[in-house]
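> My structure is below; once you've seen it, I'll send some questions.
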Amino acid sequence: MVNLLARGMLVVAFAFTAFAAAESPPAVSVANVHLRDRPANARLRFEREKKGHVAFMGGSITEMNGYRPMVMAALQKRFPDTEFTFTDAGIASTCSTTGAFRLEADVLAKGPVDLFFVEFAVNDDQDAGHSARMCIRGMEGIIRHTRRHNPRADIVVTYFVNPGMLNTLRAGNTPLTIEAHEAVAAHYGVSTVNLAKEVADRIEAAALTWKQFGGTHPAPAGNALCAAMIEAMLNRAWRLPISADARPADHPMPEPLDPRHYGNGRFVAPSRAKAGDGWTLGVPDWKSLAGGKRSRFTAIPMLCADRPGAELTLEFTGAAVGAYVVAGPDAGMLEATIDGGPARCVDLYHRFSKGLHYPRTVMFATDLGPGRHTLRLRVAERSSSAGHAARIMHFVAN
C-alpha cells in the first residue's frame, strides 16, 4: 500500500517526468477501448466521499514505474481533494493463477477496492504458457473474488503485448490470452483497454515502431500511450456531471464461465503442513545458493527440502490445491497424491529457472470434489535440474 502523504509527490513528479520524456501520443482508437460499466461507483466515492482505494495487480509491467504511477498521477489531478490509497500488487513473473491466489493477501486485505486495474495477458502467455481454460480460471477468479469482497468494485483489465502476441495481432488474429481474458471481462461487464491491439494498429499504419513503444516492458512513450488510453476511457465514462440522485450500485454476479474458477483462491500457511524428515521451515541461506534472487522473496520463511524421499502432508478444504514457490537452478520435482490416490509428478523447474529463483504457482490438483482433502508431497528421485530443491512460500487452495 502506498502512503499518499509520504510518496504522493514523488509519484506525481515521476509520472509527469515520464509524460514529458515521451512523445505526445495521438488520439487513441475508440475501437480498442471497451467501456462496459462506466466505473460509476468509483467516481461517486471519489467525488462525494473524497476517499478512494485504487489497486493495481499484474506482473512486472505493473510492478515497474510505468503506466501505474502515470494513472495514479492522473487520478490525483482529476480529483485533487480526494485522499487516495494506492495499492501496488504487481509482482514480476506472476500470472493470473498466482494473482487469483494472492489477491486476498496482497489487495483485499488492504480494504475494499473502489477501482481495480488488472493486467496479466503477457505473463499468462510468455511466463505461464496458459491454456484458455487456465486464463479464464485465473481472471474469472480475480473478478469474482474482488466483487464478492466489494460488490461495487469497478474493474479495468488492460492487455499489454510481447513480440509473439504482436505477430499474432498483425496477422489478423487475437492472442489466446487476450481472447480468454476478454471473454471473462465481457461476461462480467468489465471495461478493457486493448493496448496490444492499439500498438499493432499503429505499427501497421507506420505511426509507431516496436522500438519506440519500448518492447515488452514499455519505454516511457509506451507507458504514456497506455495511460492515455485509460484516461480516454475515463473521459468517456465521466464526461457528464453526476446527477443529484445518483447512487452506487452492486455489480451483477452472473453464473461463472468456468465453475472451477479460482474465485475462492487463498494462501495456506506452510506451517500448516505436517513435515517429515528433510523439510525445514525458515529463511533459506540465499548466499550459499547459485542463481539470481529478487529481494522481495529473500526474507520470507519457506518450507524447504532438497533430499529425495522427504515427505509432508497437508490437510486442506477445497477443490484445488497447489504451491507458490521460488524455483531456482536446483529446483526439483514433487510427487503429489490426494487422499491416497495415484501419484502425480509436478516439475518445479521453469525454463527461466536456469539463472533465477523464479516465482511461480504449481498446481497439484484442480478438479477435486468439495470438502476436506489430504495432500501428500514427496521429493522425487528424478529432476530436470542438478538438484532436488523445493522452496514453498505458501500452499494455495481454492
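Bear in mind that the values in this text are calculations on the coordinates, not laboratory data. Please read all numbers here as calculations on a predicted model, not as lab measurements. A quick note on method: Cβ atoms are made from the backbone with ideal geometry, for glycine too, and the neighbour counts reach across all protein chains shown.
> Could you state the number of Å between the C-alpha centres of the range 335-398 and the range 109-133?
22
> Now for a separate question. Place a point 7 Å from Cα of A105 in the direction of its Cβ. Which residues in the range 367-396 have their backbone N less than 11 Å from it?
The answer is 392-396.
> 7 Å from Cα along Cα→Cβ at both A186 and R148: what's the point-to-point distance in nm?
Output for this residue pair reads 2.6 nm.
> Would you list, by chain and number, the lysines whose Cα falls below 28 Å from the Cα of K110, excluding same-chain residues fewer than 8 positions away?
K50, K51, K77, K293
> Nearest 0.05, what FRET efficiency do D285 and R372 give at R0 = 30 Å with Cβ-Cβ as r? Don't skip to the end; give the middle numbers.
On the way: r = 35 Å, r/R0 = 1.18.
So, using R0 = 30 Å, E works out to roughly 0.25.
> Would you grab the residues whose amide H sits under 5 Å from the one on A327? Only those 5+ places off in sequence or on another chain, please, with H modelled 1.01 Å from N.
Residues meeting the amide H criterion: Y358, R360.
> When Rg is the radius of gyration of the Cα atoms in the range 185-301 and Rh is its Kirkwood radius, what does Rg/Rh come to? Let's see the in-between values first.
Numbers: Rg = 23.3 Å, Rh = 20.5 Å.
Reported Rg/Rh, Kirkwood definition of Rh: 1.14.
> What number, rounded to the nearest 500 deg cm²/dmol, is the helix-based mean residue ellipticity at 222 nm of the chain, given -39500 (n - 2.57) per DSSP H run of at least four residues and division by all its residues? Could you put the intermediate results ahead of the total?
Values: 12 runs with 126 residues, N = 398.
The per-residue figure over the chain is -9500 deg cm²/dmol.
> What does the highest-first list of 125-135, 369-379 look like by mean Cβ count within 10 Å?
Numbers: 125-135: 19.0, 369-379: 16.0.
In decreasing order of mean packing, 125-135, 369-379 become 125-135, 369-379.
> Now a separate question. The chain: Rg/Rh from Cα coordinates, Kirkwood Rh?
Over the Cα atoms of the chain, Rg/Rh equals 0.98.
> Averaging over every viewing direction, what projected area does the convex hull of the Cα atoms of the range 266-397 cover, in nm²?
On the way: hull surface 29.3 nm².
With the hull built on Cα positions only, its mean projection is 7.3 nm².
> Next question. For a protection proxy built on the mean count of beta-carbon atoms within 10 angstrom, sort 98-106, 262-270 highest first, please. Display every interim value, and only then the final one.
Details: 98-106: 24.4, 262-270: 21.6.
Final packing ranking: 98-106, 262-270.
> Using a 7 Å offset from Cα along Cα-Cβ at A27, what residues in the range 211-244 end up with backbone N under 14 Å from the label point?
Residues passing the 14 Å test: 232-233, 236.
> Next question, about the same structure. Can you list the lysines whose alpha carbon sits under 26 Å from that of K211, skipping same-chain ones fewer than 8 residues off?
The qualifying lysines are K197.
> Right, next: With label points built 7 Å along Cα→Cβ from the Cα atoms of R36 and C345, find their separation and express it in nm.
4.1
> In the range 322-343, whose amide N lies under 19 Å from the spot 7 Å out along Cα-to-Cβ of R307? List them in ranges.
330-335
> Given +1 on the Cβ of Lys and Arg, -1 on the Cβ of Asp and Glu, and no further charges, what dipole in debye does the range 266-397 carry about its Cα centre, rounded to the nearest 20? Provide the component values of the computation, followed by the final result.
Numbers: 17 positive and 11 negative charges, 95 e Å.
Using Cβ point charges on Lys, Arg, Asp and Glu, the range 266-397 gives about 460 debye.
> Continuing with this model, one more query. If each Cα of the range 4-237 is one equal point scatterer, what is log10 of I(q)/I(0) from the Debye formula at q = 0.11, 0.12 Å⁻¹?
-0.50, -0.60
> Let me know the charge dipole size of the chain about its Cα centre in debye, to the nearest 20, where only the beta-carbon of Lys, Arg (+1) and Asp, Glu (-1) is charged.
Working: 44 positive and 38 negative charges, 101 e Å.
For this selection, approximately 480 debye.
> When the chain is fully extended, how far beyond the present Cα-Cα distance does R48 get from K354, taking 0.36 nm per residue of separation? Kindly include the intermediate steps, with their values, before the conclusion.
Values: separation 306, 0.36 × 306 = 110.16 nm, distance 5.19 nm.
Full extension from R48 to K354 adds 105.0 nm.
> Another one. Toward the positive end of the charge dipole of the chain, about the Cα centre and with charges on Cβ (Lys, Arg +1; Asp, Glu -1), which of L314, T87, P342 goes farthest?
Checked the options; the winner is T87.
> Right, another one. Pick out the long, greasy-scoring helices in the chain: whole DSSP H runs spanning 18 Å or more along their own axis by Cα, mean Kyte-Doolittle at least 0.0. Before the final figure, lay out each step's value.
On the way: long enough: 4-21 (25 Å, 1.96); 132-149 (25 Å, -0.68); 220-237 (25 Å, 0.68).
Counting only whole DSSP H runs, the qualifying helices are 4-21, 220-237.
> N167 versus R239, label points 7 Å from Cα toward the beta carbon: distance in nm?
Roughly 4.0 nm, to one decimal.
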